[in-house]
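Notes follow the structure.
None of the figures in this text is laboratory data; all of them are computed from the coordinates on show. Computed from a prediction, not measured in an experiment: that's the story for all the values here. Methodologically, a virtual Cβ is constructed for each residue, glycine included, from the backbone with ideal geometry; neighbour enumeration extends over all protein chains shown.
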Amino acid sequence: MKRALLTYLSSSVKRKMILMVVVMLILVIAIIEIVTYAVSINFHLNDAKANDTQKVQFISENMDDAISYMGKLMDSITEDSEIQSMLLQTNQLTYEKLSALEQLVVSKILYSTDKLETVYLFNTQQFLVKLNYNTSGSVNNKDDVQSELKKQRYDTVGRITWRVNKGVIYIERAIRELDSLKMLGYITISLKDDYLKQRLQSEPYRYSYVFDEQDRIVVSSSEVPDIHVDDLLRRAKLQSAEGPSVLNMEPYGKMLFTTFISAQEGWRVVSLVPLKEISKGTELIGRWITAIGVIGVLLGILLTWFTTSRIIAPLHALKQVMDQVETDRFDQQVRINRRDEFGRLGRSFNQMMGKINYLISEVYQKELAQRESEYRALKAQINPHFLYNTLDTIRWLSMYGENDKIENVTISLAQLLKANLADHREMVPVRSELEYINAYLAIQKTRFESRITVSIHMDDDIAELWIPRFILQPIVENSFVHGLENKVGPGNLSIIGIMDGRRVRFRVIDDGVGIEEQKRARLLEFTGEVDFGSAKGTGNGMRNVHKRIQMLFGEGYGLTINGMPGSGTIVDIIVPVMENVTASPNTADKGGKHIV
């Protein structure tokens, strides 16, 4: 994620604009598509619920029609006067009469044999008639059937009852005399398996169930494994007052659940339809929406690319001119032939470049002359300080008659003056600067004797590097004059040179009286005035060194001062690594990088 962000931030403006617009287009189109698809799904689902309710009601009405038809068939048999008369003749039914009774029953069911499987007719004492229309060829054993039917409790009032036993649907009714309501017998009809099931047939993916008033399954179009009847009934009873709903029925997923209770028999029809079957109609809508979205994004990308190209073109032209300006070609002009903000920007840039070119040609030489004058003044300012302090030392030695020491100091001073007058180079090797420092320290050791301990440590690869002349001696002198000279007791001075990447860090450390914070803050401030006759203690030497280094190399270099009263002072001198001085030091990058 972080790498992707960095890649985005470092990419061109054109790419950023295209990416931003494309992302916004994708988000907007995605939101529109999601909302549209969700509304479409919801509308389609509500429509499916309404249609499913009608279909379940239609199934229930079909069941009522089937029940009504079988009820009329039962009435035609049980209310027939001839059949009732024969049932009254309990002990007088001969073979001929039984045959006649059977023919009467056959005549009643002649047009319904495609719906029936078996017909059983009893009087109050015995089994009389059995008609078998089982096309499969299997015939129930008479004794088994009679034994099973005797266990059945018929409705004593004479109402039709429905019963399911071992997957077989039975319609049963007690037969009573029409006038006296005397019990005459019983009739049981078993239906063919597909008589009710064919009324459930609709879509192949629909699962339909019919329960009677005792919550027994009368018929089902198919069975869904792992779905318990009790669970279906519980859901159906809860669902009756709320209409269709979507249920999550694992492992089959979401299903549209609809239930309806018939007005005639009170039978409950339960329907389950997989939601994925209902939503098939929305897949085409989803594909169309996706296709439109993709086309919209592609058109948006093309339009964005064209628009951003128009916007970025003048900026690109301006950048090319600015690249030329970075190579000091200040006479460049940008050509943007437009009347909008970019055109005004181009004209303003051209006017600005004209002014800059004028300032460079008119003012640059004056600035160079002024900087050269300041540098010479700063360089000249170092020598009077040193001479003043050295002569002060000789005067002090002469007062005590230290002729040998005066001779040594004079020789060291002569070496310093000879090196200063003979060598006019602006840059010198570090070893030459160290020779100069050693001559200076020889003079100071004569003055302070064993009171001051001096140590010098330089990294091995520093000695042949080049640095500006006279950047160490004023700092060392400052440590003596402002730090160690005023200290009571012995003192220590350390001069260290270390490599710090592409920089050289010289560190001058003394354990003298230290420096106040306010004075430390003012010490490196340069007012632009050069004082050749400043008294001891003004800090001009350090200030001049700092300003000189910054004039040569930029603000990334110079001096830093740290210290507190009573804790000594640490001065760091930072210059770039220069392995040779074939090029002018002014080629240094003023931002702090030096080219070697």
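Among the listed pairs K405/K487; K108/K192; K130/K182; K55/K197; K97/K192; K55/K166, those with a Cα-Cα distance over 21 Å are K405/K487; K130/K182; K97/K192; K55/K166. In this rough spin-label picture, where each label sits 7 Å from Cα along the Cβ direction, the Q103-E402 distance is 16.6 nm.
By the count of other C-beta atoms within 10 Å, a proxy for reagent exposure, W162, W288 are ordered fewest to most as W288, W162. Karplus-derived 3J(HN,Hα) values for the stretch 503-515, using 6.51 cos²θ - 1.76 cosθ + 1.60 with θ = phi - 60°, are 10, 10, 10, 9, 10, 10, 10, 10, 10, x, 6, x, 8 Hz; glycine and proline are entered as x.
Taking other C-beta atoms within 10 angstrom as a stand-in for reagent exposure, H482, H44, H457 fall in the order H457, H44, H482, fewest first. Potential lengthening of the chain between I456 and Q57 amounts to 132.8 nm, from the contour at 0.36 nm per residue minus the alpha-carbon distance. Spin-label point model (7 Å from Cα, Cβ direction): what's the L417 to L27 distance in nm? Once both label points are built, they end up 8.0 nm from each other. Return the long-range amide H neighbours of L116 (sequence gap of 5 or more, or a different chain), with a cut-off of under 5 Å between placed amide H atoms. Residues meeting the criterion, in which the H sits 1.01 Å from N, are K192.
With θ taken as phi - 60° and the Karplus curve 6.51 cos²θ - 1.76 cosθ + 1.60 applied, the whole-hertz 3J(HN,Hα) list for the stretch 493-502 is 10, 10, 10, 10, x, 9, 7, 10, x, 9 Hz, x standing for glycine and proline.
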